[in-house]
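First the structure, in the form of structure tokens, and then the observations on it.
The values are calculated or read from the model by the stated rules, or taken from the named source; none is laboratory data. Remember, it's a predicted structure, so these values are computed and weren't measured experimentally. With ideal geometry, Cβ positions are generated from the backbone for all residues, glycine too; neighbour counts draw on all protein chains shown.
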Amino acid sequence: MVHAVVELIAYVAAAVLAGFGGYRVLLARGSGADPAQRYVCGFALCLGVSFVLLTPATLAWLDAVLPGVVVELAGDSVKTAGLSFLALLALSLTNETPYAPGGVAAGPGPDPVRPDLRHHVLVAIAVQLVSAVLLLGAEPSMRGGSMAVHGPAARILLSSYDALFTCYAIWCLLVLTRVIVPHMRRAGPGPLRFGLELTTAAIVVGALWTAWSLDDVADVLAGGVQDGGEDTLSNVLGVICAVLTVSGATVTLWGTRLATPLRWLRAHRRHRALEPLWSALHAELPEIALAPGRPSRRLPPWRAEFALYRRIIEIHDAALALRPYHDPHVASWIADRDPAGPGGAVVEAAVLAAALENRRHGRRHVDDPDAGHPAPTLPGTIDAEALWLVQVAEAFRASPVTAYVRGQAARTALTGAARED
Amino acid sequence: MSTGGRLRALRERRRLKLRCRQTVDALELPRPFDAFAFIASLARTRGRPIELIPVTDRPHTPCGLLVTTDRADCILYAADTTPLHQQHILLHEAAHIICGHYDTAPSATSAAHVLMPNLPPALVQRVLGRTVYTEPQEREAELVASLIRCRAARDDGLRPPALVPRNRVESLLSPPDGRGPRRG
């Protein structure tokens, strides 16, 4: 069952890679298009085809039409060609200077048909030829989805075939890593950096996927038998690699479209998280609200950012209005309960809770020099203040320290009122 | 309030919001946003200085106050609150200037005397304080200030420079219309 699901996902990944490759073909058609687009396209299409050819279901289906070894060789060749495109892509970008903030933007590098690119085309062809010679020379036979060889010479040939693929793949990934990582480190925050991070993650998973084929080398040397096609773990790693590659290369397309709804969602969540604190303050100080009456329970997503901003400002307005009611005893009450000491969200929540109690009982501490409470040091952004106030609201709602301070303030206010009577 | 009265109030609020939106859309905001830089540019545009005076430990006065004299506009703002709140108070008072509010509230005038005792009352032409939003001018200024800060946050979050590819590696990850280096 698991095998079937993984194989199905591998076919879907192949379709996604084919779609992505086709999209890149369209981009690479124009006269001014970067030739690197063709390498990306070649890599995606080759990887997609190899997924289809090397999935055990395909191998079983083609078994009646073609010799299994031929299909295996075709699948591996296409995968190796994909890796060659990856190396060509990396080599064509080696002269690109990573962007340095404040520096001069890098222009196009030299002509892409450079000697090192031509050399690599020859290396890629040589790898293909040597691989074919090694596999066919081993004269393997297919038995129930596995490939078997007989005799020590055949074992060495087949294990060399596996080892050659692994070494070549690792080399291609290393060349690409050397190009991508410096760009990723220098890129500022944003979708481009995220795209480079996803690409780097794809390279890491690709390396694991490749390294997994070393088990075939061990199996062949030990028993002369290896799995035909991709096993379940290989397929899983391959699918993850494909998803990360396509996601990284298209992040600027979907990242910007997703940014606004994600921002609305975050604002909506924070607005809701501030509800307990805002409601308690609004109940005592209704004048803080810009909109009259109780806010509607249903907040449309597109209004969440404005509503969150208003809630932050109204909470701060209430905090200022409560200053005359700040209780000078809060610090000592908290010292008994909060080993972390003052300065955190719990302290802020406790100060507000005590001030609210004092206001309800009409106890002002305006002339007390110890009653003041410094404002927290925060960056002046909506994000930073929202995060801070969400912590304060949570402490206001659920912290035992706040509950204790609230109780102490109410008791002190009642005792004081009784003494005055 | 009767249904007719509620509908009238709702229509009035919608009209106010639309007017405030139009006012804010017409403003040029610095990027990244900085309330002090925005007010400095507002002063330059009007050709009249705006002085910003931080005030602390004044629990009995409004947290923001706009005092207009024959020479300059002075914005007094609570400095003992968080940076975002300070920015908002500044923007609220700046919004009074942008909207051309002029009615002086008596409570704000007495607060101005407390906070600026050396300022002769004869020189004061207008005093507006950030107090409650039942006053139409205060509501409008508060709405304009909120819309300015929300628009600024949205604009700052767009980060268009980071989306423009600056070399071929970045252009491979960018949309086809991204203006990056091309070959050919």
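The number of residues in region A:242-257 that are without any contact (Cβ under 8 Å) to a residue 40 or more places away in the chain and either buried (at least 21 other Cβ atoms within 10 Å of the Cβ) or over 14 Å from the mean Cα position of the chain (by Cα) (or both) comes to 2. Restricting the search to helices (runs of 4 or more DSSP H) fully inside region A:114-212 and requiring at least 1 residues that are touching a residue at least 60 places away in the same chain (Cβ under 8 Å), in contact with a helix residue (DSSP H, G or I) (Cβ under 8 Å, 6 or more places away or on another chain) and away from every other protein chain (no Cβ under 14 Å) gives A:115-138, A:152-186. Pairing residues of region A:314-332 that are more than 8 Å from chain B (Cβ to nearest Cβ) with residues that are assigned to a helix (DSSP H, G or I) and of a type in the set (Lys, Arg), at Cβ distances under 6 Å and at least 6 apart in sequence or on separate chains, gives A:TYR325/A:ARG359. Here region B:1-19 is the region considered, the condition is being part of a helix (DSSP H, G or I) and hydrophobic (A, V, I, L, M, F, W, C), and the residue that is farthest from B:LEU147 (Cα to Cα) is B:LEU7.
The criterion of at least 2 residues that are more than 30 Å from A:THR199 (Cα to Cα), at pLDDT 85 or above and charged (D, E, K, R) is met by the following helices (runs of 4 or more DSSP H) wholly inside region B:66-184: B:136-158. The condition of being modelled with pLDDT under 90 and in the same structural domain as A:GLU348 (by TED's automatic domain parsing) holds for only one of A:LEU281, A:LEU308, A:LEU290, that being A:LEU290. Selection of first residues in region B:74-101 that are within 14 Å of chain A (Cβ to nearest Cβ) and under 26 Å from B:GLY47 (Cβ atoms) and of second residues that are surrounded by fewer than 21 Cβ atoms within 10 Å (Cβ to Cβ) and of a type outside the set (A, V, I, L, M, F, W, C), restricted to Cβ pairs under 7 Å at least 6 apart or on distinct chains, gives the following pairs, ordered by first then second residue: B:TYR77/B:PRO54; B:GLN87/A:GLY380.
Suppose we filter A:LEU285, A:LEU299 for residues that are surrounded by 14 or more Cβ atoms within 10 Å (Cβ to Cβ) and farther than 24 Å from B:ASP57 by Cβ; which single one remains? Unique residue meeting the criteria: A:LEU299. Of everything in region A:159-199, what is within 30 Å of A:GLN226 (Cα to Cα) and acidic (Asp, Glu)? Give them in sequence order. Residue satisfying the conditions is A:ASP162 alone. I'd like the full set of residues that are under 20 Å from A:ARG266 (Cβ atoms) and surrounded by fewer than 21 Cβ atoms within 10 Å (Cβ to Cβ), limited to region A:387-415. Correct list: A:LEU387, A:TRP388, A:VAL390, A:GLN391, A:GLU394, A:ARG397.
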